[in-house]
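Below is one structure; the comments refer to it alone.
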Number of protein chains: 2
Amino acid sequence: VTEELDQRLVFAHRLADGARAIIRPYFRKPVAVTDKGWSGFYDPVTDADKKAEQVVRDMIANAYPKDGIVGEELGNAPGSSGYRWVIDPIDGTRAFIAGQPLWGTLIGLEKDSVPVFGMLEQPFLRERFVGSNDRAELHNSEGVTPLAARRCATLSDAVISTTHPNDHFDHSERAQFARVESACRLSRYGGDCYAYGLVALGFIDLVMEARLAHWDIAPLIPIIRGAGGILTDWHGQPWRPGANVLAAGDARVHAEALKLLAP
Amino acid sequence: VTEELDQRLVFAHRLADGARAIIRPYFRKPVAVTDKGWSGFYDPVTDADKKAEQVVRDMIANAYPKDGIVGEELGNAPGSSGYRWVIDPIDGTRAFIAGQPLWGTLIGLEKDSVPVFGMLEQPFLRERFVGSNDRAELHNSEGVTPLAARRCATLSDAVISTTHPNDHFDHSERAQFARVESACRLSRYGGDCYAYGLVALGFIDLVMEARLAHWDIAPLIPIIRGAGGILTDWHGQPWRPGANVLAAGDARVHAEALKLLAP
């Protein structure tokens, strides 16, 4: 099993290289907005998303035909090997559209439905966050650096992040988020997947999101855990597709946030 | 006068180089957050801010001793040449602290209190947005590219940005912002100065901020104008230090936003 897994981890870098090569040229490609509006015009995100996912899926099907694949754009392909790849070609579509380099390509691997490995690839910054639950690393132009979340004893010292305080929460979730946010030192919005990378890098202490899909979060779990962090739903239970996410670099701020989230 | 100005524009790149060299190593330098909290610990922003502003001021005082200087950290030094430099060594302190590369160094030049030239330098991305009211350019590893804001006929097609929808607005401003935001296609938070760069690059259509200081905005005006955009206060009047900012890539969305901002 170790060898099966190790081979796939090396292979995952080739997948990320492939996705980077496809997606990078679409970022900050001029998009016409005319008097007739956006609709009907070239949509770089959809195009880059689908092309990248197709290429990654083809590479997997060719190398590991018995592995399952689930991706945001092209659905679920069951496998028989016990391994399943989880792909979000562009997480952070809105950041991508706005030209902000805080989106990423997510590639994860599950064994018997448990996330064992994950990657957050940022093609514009040429950064790749890689995690396997027991360890995590940043790959960039300076080489490979171990990732370690920051120690943070209390929310009053914490930097909290969510993608959008209004768009993604329902009424009661917004109130819950506001309770935790107001206990923190600093809040940042617009993070998407990149916020989890910053938890692993030791600059964000807490991330809260609502109702994330399988591909939004499964690839990030081994990175957060590998950097020493903790990721659950808002009740402290293991995350499942569709659940809310509470991710922290330090178990103490995670526990303090859970208390504030309780009814 | 043209020669006086041209010399200073060349010189401004040396100032930005100097600021980049000082600030870059402080970004994403690990900061300890311990049981005793942040206070008393090394603050990379303050340190980088002050050092960079001091170096830039020293360079100006040496090369153009009769020019005035106003900077965020080290105050106002009046001059007698009619030229005044406006410096914000790190605009977007919160992004800097959170490890997000959306902050920047702002260096502007005024002649008789009118902004004639400005730079937004991003040391981590190695990008430099440069504008002189009649034109604007992006300097990066790929060379020099002209900057042109995007045409956008209506708010319903527009991407709007503000730095923080809660922290920076008072009650009535928050309501005004919400009116404009809800008419837009997409909103993004956390922009700071970099949002104006993205207006010039053609990916954000509208920026709204409240009560910006002289150094927060004077260096950005020649970039927005040079890219074909428009920047006023929330009444359509010329911007003055302390006023709110409404910046747009297209005069049509600017006009539409002004209507929604009216009482």
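Side notes on the structure shown:
- Choice from B:16, B:136, B:95 with maximal GNM fluctuation in chain B (Cα, 10 Å cutoff): B:95
- 29 Å Cα-Cα threshold exceeded, pairs from A:29/B:259; A:29/A:111; A:51/A:111; A:50/A:111: A:29/B:259; A:29/A:111
- Each Lys and Arg contributes +1 and each Asp and Glu -1, all at the Cβ; summed about the Cα centre of the protein assembly as shown, the dipole is approximately 60 debye.
- Extent along the principal axes, Cα only, for chain B: 57, 48, 37 Å, with the longest axis given first.
- Longest site-free stretch - chain B; sites: trypsin sites (Lys or Arg not before Pro), DSSP loop, at most 12 other Cβ within 10 Å: B:127-263
- Considering only beta bridges that DSSP places wholly inside segment A:1-144, some 90 percent are antiparallel.
- Exposed-site-free run, longest, chain B (rule: chymotrypsin sites (Phe, Trp or Tyr not before Pro); DSSP loop; at most 15 other C-beta within 10 Å): B:43-263
- Here segment B:152-263 is treated as a Stokes sphere of Kirkwood radius computed over C-alpha pairs; at 10 °C and 1.306 mPa s its diffusion coefficient rounds to 119 µm²/s.
- In order through segment B:8-18: 3J(HN,Hα) via Karplus (6.51 cos²θ - 1.76 cosθ + 1.60), integer Hz, x for Gly, Pro: 5, 5, 5, 4, 4, 5, 5, 4, 5, 4, x
- The residues neighbouring residue A:229, those whose beta-carbon lies less than 14 Å from its own, together hold a net charge of +2 under the Lys/Arg +1, Asp/Glu -1 convention.
- Cα convex hull of segment B:37-128 - mean projected area over all directions, nm²: 6.6 nm²
- Taking all Cα pairs closer than 8 Å and separated by 6 or more residues, the relative contact order of chain A comes to 16 percent.
- Close amide H contacts of residue B:117 (hydrogens built in the peptide plane, cut-off under 5 Å, sequence separation of 5 or more or a different chain): B:109.
- For segment B:69-85, the Karplus equation 6.51 cos²θ - 1.76 cosθ + 1.60, evaluated at θ = phi - 60°, returns couplings of 9, 10, x, 5, 8, 10, x, 10, 10, x, x, 10, 8, x, 9, 9, 8 Hz by residue, with Gly and Pro reported as x.
- Bridge type composition, segment B:46-117 - antiparallel percent by DSSP, nearest 5: 75 percent
- Peptide B:182-188 has a mean of 4 when you count, residue by residue, the C-beta atoms of other protein chains within 10 Å of its C-beta.
- Cβ-defined net charge surrounding residue A:68, 10 Å radius [Lys, Arg +1; Asp, Glu -1]: 0
- GNM flexibility winner over chain A from A:141, A:161, A:187 (Cα, springs under 10 Å): A:141
- Taken one residue at a time, the phi angles of segment A:131-144 give Karplus couplings (6.51, -1.76, 1.60, θ = phi - 60°) of x, 9, 6, 8, 7, 8, 9, 9, 9, 8, 5, 8, x, 10 Hz. Gly and Pro are set to x.
- Max mean-square fluctuation residue, GNM over chain A, Cα-Cα springs under 10 Å, options A:198, A:120, A:74: A:74
- Cα pair distances of segment B:113-159 binned at 5 Å [whole percent]: 5, 18, 21, 17, 17, 16, 6, 0
- Net charge contributed by nearby residues that have their C-beta within less than 13 Å of residue B:25 (K/R +1, D/E -1): +3
- The amide H of residue A:124, built 1.01 Å from its N in the peptide plane, has no neighbour under 5 Å, considering only residues 5 or more places off or on other chains.
- Separation of alpha-carbon centers, segment A:149-206 and segment B:249-263, rounded to whole Å: 32 Å
- Expressed to the nearest 5 percent, the antiparallel share of DSSP beta bridges inside segment A:154-263 is 55 percent.
- Per-selection metrics, segment A:90-138 (Cα): Rg and Dmax in Å: 12.3, 37
- Equivalent-ellipsoid semi-axes for the protein assembly as shown (Cα gyration tensor, √(5λ), whole Å, largest first): 40, 25, 23.
No value in this document is a laboratory result; all are computed from the given coordinates. Quick caveat, the model's predicted, so the values are computed rather than measured. FYI the Cβ positions are ideal-geometry reconstructions off the backbone, even for glycines, and counts take in every protein chain you see.
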